[in-house]
1. Return the residues of region 7-38 that are closer than 24 Å to L309 by Cα, among the hydrophobic types (A, V, I, L, M, F, W, C) and part of a helix (DSSP H, G or I); say none if nothing qualifies.
2. Pick out the one residue from A285, A295 that is open to solvent by 20 Å² or more (accessible area, probe 1.4 Å) and of a type in the set (A, V, I, L, M, F, W, C).
3. Among the listed residues R74, R47, R52, R88, identify the single one that is in a helix (DSSP H, G or I) and touching a Cys at 6+ places or on another chain (Cβ under 6 Å).
4. Which residue is least open to solvent (accessible area, probe 1.4 Å), if the candidates are limited to region 123-141 and must be in contact with a strand residue (DSSP E or B) (Cβ under 9 Å, 6 or more places away or on another chain) and in a loop (DSSP other than H, G, I, E, B)?
5. What is the residue count in region 695-744 for residues that are part of a loop (DSSP other than H, G, I, E, B) and farther than 25 Å from E647 by Cβ?
6. Answer yes if at least one residue in region 462-472 is of a type outside the set (K, R), open to solvent by 10 Å² or more (accessible area, probe 1.4 Å) and without any contact (Cβ under 8 Å) to a residue 12 or more places away in the chain, and no otherwise.
7. Considering E30, E45, which residue is in contact with a Leu (Cβ under 6 Å, 6 or more places away or on another chain) and open to solvent by 20 Å² or more (accessible area, probe 1.4 Å)?
8. Going by the structure shown, is R525 out of contact with any Asp or Glu (no Cβ under 9 Å at 6 or more places or on another chain) and open to solvent by 10 Å² or more (accessible area, probe 1.4 Å)?
Amino acid sequence: MEQKYLRDFEARCTQEEPPACRSMCPLHVEAREFACLMAVERLDEARKILERSMPLAGLAAFLCPGHCREHCRRSEVDAGVNLPMLERACLLYTRSTKPMPMPASGKTAAVAGGGFSSLCLAYELGKKGFRVNLYHQQDIAAAFAALPPRTFPERSLGEALEQLAALRVSFEQVKDFSPDRIASLRGEKILYLGLDDPDLDPAAFGLAGPGDPLTLESPVPGLFAGGAGLSFIQAAAAGKRAAGSIVRFLQGVAPSSAREGEDIYPTKLITDLSAVAPLPPPDPADPLVPTREEAKAEAARCIPCDCLLCVKKCAYLSHYESYPKRYGREFYNTLALKFGNRRSNIQIISCALCGLCGVVCPNGADMGSFCLEARREMAQSRHMPVSAHEFALEDMAYSNSAEVAFYRPQPGRKRCRTAFFPGCRLPSSLPEQTGRLYTFLTEHLDGGVGLFYRCCGAPARWSGRERLTAANAAGLREIWEEAGGPELILACPSCALFFASELADIPVKSLWEILPGLPLPKQARPLKQSLALHDPCAARARPDLIRAVRDLAGALGQETEELPLGRDLTRCCGYGGLASAVNPELGAEIALSRARDTDKDLLCWCIMCRDSLSAVGKGALHFLDLLFPAGDEARVRPAPGISLRQERALAFRREMLQNIWNEKPDEEGDLDPINIEMDAEVAERLERRRILLSDLKRVLLYAGEKGGQFYNPQTGRTLSSLRPKQVTFWVEYSPRADGVFVVHNAYCHRMLVPGTPGEGLPTAAVLEGFDPRGGRA
């Protein structure tokens, strides 16, 4: 992955940007963190926040005018958080800590002026090991005493001066800044003029005014000046920046280098205020001496500002407890590894690629696009875990095999204007309704409607395997061209995305933009109950289809309601991107997050959504359940397991070819005569372990032909194994007298056990060795 790709992605995510209270603070105090600590009465830790950013925090915080308050995002709801009050409370109820200076550096700096910028510069240089000599004309204590009464406690100034003395800062009060004194100071290698001291005239030092606004550097080498006309906090920031400039100057580095973000600047952080309720500020009896309770109440008004718009809506992002910018860096670092622990692999391949984050993010930071690019690189560099997508790609290959996939023109025609492309899942989940839908289309569309049954190849694309994606697309194109290039009617929104990405020149239409223009099927009927309409994530960028399905529901008379996150903001069901195949637990978590959005049953127009939501116990129907009801209780119909889906796919082909095209059914395979029984618990366990009924039959067939079983005389059970590919299957069973095999358990592993029967296929053959027109190469 190119670093520029990472940087462009990072620039879109604003989560690490500071809140406005910090970016617009001259000292960039971490006000958000400070307020959060004050809200839970962790005052000592809160004081450390102030001391980390504020020079002489025990005094500076009392002098803070609250520049941040007018920029506080809560002010857009009611009133900004009163940070100065919180700072006062923090300092009143805590004690100052002794500064920890660096070892003496042997460097010396002279400071002219007793203003606050001078004191803060001396503090910062003292911490860095400098010896600082500060010359002032007016008594410093007297100058601060001229401030309004109760501006700060009497102890604060004394503590500040003690801290400076502890940092090897010496004070010398001069009668005036005479020409001799000025000449002496001008002879210093480093000199700072604190122009917030009214006794200083910059002209006497050969300057027209303050130095550079950021670095405080004057045209005279080694002379820095600033602080004039500033608030106390702005003066403190000037002194702090001048200290940084002096260090750079003595190191031979340009004082302006690496100063990004030191001045105030508007933040790029995006904060959603839609859910922030008004919370009136407390009315302290004495604002200058707030109580702990009053400070806690005020601190609780902090929002606190962050973005996380995508994380709050996406179960995948929230599951890993971070945000896209950080994920991007972690993924990039993982991809750069040649050896070692690639810790982010499972996270990269667990994203559903649904695109919700990119829609929610005002800057379009799409974690799915980043994950897909990372998967492509993993596959290309052979760092994709072998087992990650193998099963899903084998399932895709089965759907595209010669024994399942087919194209036929409408009976009585050699060429058809259109061809119905139901995708791989609809016929294997709703075979009867799919067949009736095809007949319905042939009755209402002119020019003939062919039937094109196979998988589009989306699993290959989701897995990041570009060669396999291209091979599937090429195979699909070849069949389409042989069929005369009909316009394809796509039932599956994921298929539509695949065609748009890989086969954009093939004309397609969605089934859902065609059905509203046709008469309703005679047997169509709505449910009496209201249903919540769930939109598939693959269609979030198709407002025309989203409107069309609502028109269809209206024509049907089905009462529906919108979900909080629907239409272009719809949540994922957990199937897309092969998320549930790679990470079943997270896939179920994603589906549950969607299911919890409503107490009503869901009406879906993507069969993968319907089955995924049903699998986590949510009542869900597909539109075809209403248009072509099959008589069962569709809302609670369990999602078919993988074995059942494959059996139905094969049966769909056989029944369609026999009933519509009057073709002789395919001969039964060698595995069909083997009869298996198992209880529901065993069947559910095998489904979790991705062990198909056909896998069990292959083991039993091999055991019957070759032998080599293990027999347990105590249980009367037999254990047999077979390694037909990269996986070894073990089946524990009992043969009955009537020829039925009762399966008690089965498991599989990738470990190669010497002597295991069967021959393994190389991984490349499993993943990319299938002929794109069907069957194995």
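1. If we filter region 7-38 for residues that are closer than 24 Å to L309 by Cα, which is where we start, we get 7-24, 30-37.
From the residues that got through so far, the ones that are among the hydrophobic types (A, V, I, L, M, F, W, C) too are 9, 11, 13, 20-21, 24, 31, 34-37.
Within region 7-38, F9, A11, A20, C21, A31, F34, A35, C36, L37 meet the criteria.
2. Values: A295 fails: open to solvent by 20 Å² or more (accessible area, probe 1.4 Å).
None of the other options fit; the residue is A285.
3. Working: R74 fails: touching a Cys at 6+ places or on another chain (Cβ under 6 Å); R52 fails: touching a Cys at 6+ places or on another chain (Cβ under 6 Å); R88 fails: touching a Cys at 6+ places or on another chain (Cβ under 6 Å).
It is R47.
4. First, pick out the residues of region 123-141 that are in contact with a strand residue (DSSP E or B) (Cβ under 9 Å, 6 or more places away or on another chain): 123, 125-126, 130-140.
Then keep just the ones that are in a loop (DSSP other than H, G, I, E, B); that gives 130, 137-139.
Values: F130: 7, Q137: 52, Q138: 85, D139: 66 Å².
Once the filter is applied, the top-ranked residue is F130.
5. Within region 695-744, the subset part of a loop (DSSP other than H, G, I, E, B) is 707-709, 713-716, 723-727, 736-740.
Subset that is farther than 25 Å from E647 by Cβ: 707-709, 713-716, 737.
Total meeting the criteria: 8.
6. Checked region 462-472: no residue is of a type outside the set (K, R), open to solvent by 10 Å² or more (accessible area, probe 1.4 Å) and without any contact (Cβ under 8 Å) to a residue 12 or more places away in the chain.
7. Details: E30 fails: in contact with a Leu (Cβ under 6 Å, 6 or more places away or on another chain).
After ruling out the rest, the residue left standing is E45.
8. Details: out of contact with any Asp or Glu (no Cβ under 9 Å at 6 or more places or on another chain): yes; open to solvent by 10 Å² or more (accessible area, probe 1.4 Å): yes.
When the stated conditions are applied, R525 passes them.
The values are calculated or read from the model by the stated rules, or taken from the named source; none is laboratory data. Keep in mind that what you see is a predicted model, and the values were worked out from it rather than measured. Glycine also receives a Cβ, built like all others from the backbone with ideal geometry; neighbour counts cover every protein chain displayed. Just so you know, the surface numbers come from the protein's heavy atoms only, side chains and all, with ligands and any DNA or RNA stripped out. Shrake-Rupley method; radii C 1.70, N 1.55, O 1.52, S 1.80 Å.
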